[in-house]
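K.L.:
There's a structure below that I have some questions on.
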Amino acid sequence: MVLSKELLEILVCPQCKGEIVPDDNHENLLCHACKLAYPVRDGIPVMLVDEALPLD
């Protein structure tokens, strides 16, 4: 499921408050500053640092 442009404009990384961008499959929201990927489950972004996965 693709997240709305409006939602993506207001969401920020909960750790650094920086910009997040969706990955190519819209399965994760990426923070390149923190090198974290926040999962999107059933169309809902899980913006919890404890749930984030490290980017390679």
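K.L.:
Please name all residue pairs, on different chains or six or more residues apart, with Cβ atoms under 9 Å, provided the first residue is in the range 27-51 and is within 16 Å of V2 (Cβ to Cβ) and the second residue is surrounded by 18 or more Cβ atoms within 10 Å (Cβ to Cβ) and among the aromatic types (F, W, Y).
P.N.:
As it stands, the answer is N28/Y38; L29/Y38; L30/Y38; P45/Y38, since those pairs meet every condition given.
K.L.:
Among the numbered criteria (1) in a strand (DSSP E or B); (2) crowded, with 17+ Cβ neighbours inside 10 Å; (3) not hydroxyl-bearing (S, T, Y), which single criterion is violated by P39?
P.N.:
The single condition P39 does not satisfy is (2).
K.L.:
Related question: Test of understanding: among V40, V2, which residue is at pLDDT below 95 and among the hydrophobic types (A, V, I, L, M, F, W, C)?
P.N.:
V2
K.L.:
For K5, only one of the following conditions fails: (1) surrounded by fewer than 12 Cβ atoms within 10 Å (Cβ to Cβ); (2) in contact (Cβ under 8 Å) with a residue 40 or more places away in the chain; (3) not hydrophobic (A, V, I, L, M, F, W, C). What is its number?
P.N.:
(2) is the only condition that K5 fails.
K.L.:
Do you know which residues across the range 42-56 are surrounded by 10 or more Cβ atoms within 10 Å (Cβ to Cβ) and outside any loop (DSSP other than H, G, I, E, B)?
P.N.:
Residues satisfying the conditions are I44, P45, V49, E51, L53.
K.L.:
Right, here's the next one. Can you tell me which residue within the range 11-21, out of those that are free of Cβ contacts under 8 Å to residues at least 24 places away in the same chain and surrounded by fewer than 17 Cβ atoms within 10 Å (Cβ to Cβ), is nearest to the chain's Cα centre (by Cα)?
P.N.:
Here the answer is V21.
K.L.:
Please work out which one of (1) in a strand (DSSP E or B); (2) more than 8 Å from the chain's Cα centre (by Cα); (3) not aromatic (F, W, Y) is the condition L3 fails and give its number.
P.N.:
L3 satisfies every listed condition except (1).
The values are calculated or read from the model by the stated rules, or taken from the named source; none is laboratory data. Keep in mind that what you see is a predicted model, and the values were worked out from it rather than measured. Reconstructed Cβ throughout: ideal geometry from the backbone, glycine too, with neighbour counts over all protein chains shown.
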